[in-house]
Amino acid sequence: METTFTFTPQADKTTRYHEFIPQMALLIKDEHEEVSVLANVCAALKECFGWFWIGFYLVRGEQLILGPFQGSTACYRIRKGRGVCGTAWAEAHTQVVPDVEQFPGHIACSSLSRSEIVVPLYNKDGQVCAVLDIDSEHLATFDDIDRQYLEEICCLIEKSVYLS
Ligand code: SME
């Protein structure tokens, strides 16, 4: 299994996603262990995009618990409907937050985080079973391009982990 990702330095965001996605698909296609796949996806995203914090929160009962991540220590539990992650879960909809200070109820795990995107993942019953949370130290890092490609990435993860 090839574990080193190759990508074009300084490439624009769309090019970077186009390079990343096939490599990530190969990385996870034959592995179905949730923690293992999510951990490797975090590492790969960190290597290719370098964002400040990249991680998964997993649905456990009525709350999200901290899953595999890359970045500084983070809060363990988030209730449904709380913060950006809990809102993405409750609404079953990607949240793109250009300025976290403008998001009512945003949970600040790090004061360095300025913008954020949270993408839900679904199980075979169509229920949200996890969310991918990515934070940036800069304002307005994420837009509709990120939403589109990160949702595609989450679909690939679902196929390996939650639908197999
Ligand atoms: N900001 C998130 C909490 C998780 S940390 O960013 C890692 C939220 O508001 O749900």
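Details
- For segment 38-131, the set of chymotrypsin sites (Phe, Trp or Tyr not before Pro) satisfying both a DSSP loop assignment and a count of at most 12 other C-beta atoms within 10 Å is given as Tyr76.
- Sequence-ordered 3J(HN,Hα) estimates for segment 115-128 from the Karplus curve with 6.51, -1.76 and 1.60 and θ = phi - 60° stand at 9, 7, 9, 10, 10, x, 10, 10, 8, 5, 8, x, 9, 5 Hz, glycine and proline given as x.
- Cα centroid separation, segment 7-48 to segment 86-164 (Å): 16
- Paramagnetic label reach from Ser110 (point 7 Å along Cα→Cβ; backbone nitrogen cut-off under 15 Å): within segment 140-161, residues 141.
- Simple label model, 7 Å out from Cα along Cβ direction - Asp143 to Glu62, nm: 4.1
- A crude spin-label estimate for the pair Ala25 and Thr4, with each label 7 Å from Cα along the Cβ direction, gives 2.4 nm.
- Compactness check for the chain: Cα Rg over 2.2 N^0.38 Å is 0.97.
- Averaged per residue, the chain has 51 square angstrom of accessible surface, using a 1.4 angstrom probe with ligands and nucleic acids left out.
- Ligands, DNA and RNA left out, the 1.4 Å accessible surface of the chain is 50% carbon and sulfur atoms.
- When the listed pairs Lys124/Lys159; Lys29/Lys124; Lys13/Lys46 are checked against a 21 Å cut-off, every alpha-carbon distance falls at or below it.
The values are calculated or read from the model by the stated rules, or taken from the named source; none is laboratory data. Please read these numbers as outputs of a predicted model, since none were measured by experiment. Neighbour counts are summed over all protein chains in view; Cβ atoms, including those assigned to glycine, are modelled from backbone coordinates with ideal geometry. Ligands, DNA and RNA are stripped out before the accessible areas are found, and what is left, the full protein with its side chains, is counted by its heavy atoms. Shrake-Rupley method; radii C 1.70, N 1.55, O 1.52, S 1.80 Å.
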